[in-house]
1. Would you tally the residues in segment 54-96 being on the phi > 0 side of the Ramachandran plot and at pLDDT below 95?
2. Among the residues of segment 44-53, is there at least one that is under 10 Å from the mean Cα position of the chain (by Cα) and within 20 Å of residue 16 (Cα to Cα)?
């Protein structure tokens, strides 16, 4: 198995969707052309990789981002299954 990459996604005090996705882009080392939307997030997350993500600060995000965050979590759950299917590894944890 390849070495597991450790990623920290810090969402502390995140207020806007654009900022939210910029933090994702930086944490997951996505390219500049990342479209900052759920479809692009799915596409780039399902590329074969071996990684574990730790998400911090989600409880401090703006309230309107909380609902959006639920969609991100659903994608992360689907990515976990998708990566497993292709012999890759993905895990995540949310720390409060």
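The values are calculated or read from the model by the stated rules, or taken from the named source; none is laboratory data. None of the values given here were measured: they were computed from a predicted structure.
1. Initial filter on segment 54-96 (on the phi > 0 side of the Ramachandran plot): 57, 87.
Among the residues that remain, those that are also at pLDDT below 95 are: 87.
Residues that pass the stated criteria total 1.
2. no
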